[in-house]
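The next block holds one structure in the form of structure tokens; read it before the comments.
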Amino acid sequence: MHSPLPWPWLAASVLVVFGAGIVRGFAGFGFSALCVATLSLFLPPAQVVPPVFVLEVLASLSLLRGAWLHVDWRWLGWLVAGNALCIPLGVALLAFLAEAPLRALIGALLLRSGRQLALAPGRGLRLATGMVSGLVNGMAAIGGIAVAVMLSAAPLAPAALRATLIWLFLFTDLYALAWAALMPASNAGALLGANTWQLVLWLAPAMLAGIWIGQRGFAGVSPPRLLCWVLNLVIAIAATAVLRALFEALR
């Protein structure tokens with residue numbers, strides 16, 4: 001099968017996806033943020049985000065069994081509504097914003113995601129969280145981190161947090177893929193093309209293997225502790241992305 005990337009970048013991508021899959025298998029979130037933040041250091045964001053959407057759909061399908069019983073429907077309904085409103089705008093920014101500014105913006109958004117909030121989870125906050133998640137989901141497939149930070153401050157059991165995120169991601173990624181397919185080609189080409197599906201075929205086995213390990217290997221780690229670890233890792237990667245974008249802008 002033809003490699004969609006130079007072999008060193010493909011090997012690095014496989015390792016990144018495998019590690020992110022482990023996190024996704026245990027916590028139910030973090031895959032997209034880790035993949036996009038890391039892969040965008042050496043690939044254009046418009047080349048990274050669509051395959052991550054497809055991989056997230058596969059990840060959600062592999063985790064659906066048993067999640068239905070634990071979903072918090074009050075959160076899920078408002079989050080879906082907010083994402084439905086704002087994902088199209090995020091996808092449009094992904095398609096037409098230049099690579100360097102987009103990389104800097106993704107890094108800045110991820111840096112902000114590391115700040116935990118303590119707000120009352122009413123309907124307005126749930127909808128606003130969904131809208132912010134939708135915007136950054138469409139643009140960078142990282143809306144899950146924003147939602148995970150907010151839900152971690154809400155009085156949700158770990159099983160409810162994980163199940164709500166799994167079902168939310170299944171909807172948002174399918175919805176974002178539909179908009180990406182409808183988006184006209186920009187100077188960088190179409191968001192969904194043959195290269196997207198080739199990259200998915202190469203990366204999917206590594207992700208599924210990571211998810212399998214994550215589901216079984218972290219029984220002694222609490223979700224809040226893992227959230228803190230994931231956010232710290234994402235912040236470090238995001239800072240590197242911002243510095244790279246600034247360096248490219250000043251060259």
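Structure notes:
- Rounded to whole numbers, the Karplus 3J(HN,Hα) couplings from phi for segment 134-140 are x, 4, 6, 5, x, 7, 9 Hz, using 6.51 cos²θ - 1.76 cosθ + 1.60 with θ = phi - 60°, and x at Gly and Pro.
- Sum of side-chain charges, Ala157 neighbourhood, beta-carbon under 15 Å (Lys, Arg +1; Asp, Glu -1): +1
- Shown for Arg74, Arg123, Arg162, Arg24: other C-beta atoms within 10 Å of each C-beta, ranked fewest to most, produce the order Arg123, Arg74, Arg162, Arg24.
Taken together, the values in this text are just the output of simple stated rules run on the coordinates, not laboratory data. This structure is a prediction, so every number in the text was calculated from the model and none was measured. Positions of Cβ are generated from backbone atoms using ideal geometry, with glycine treated the same way; all protein chains shown enter the neighbour counts.
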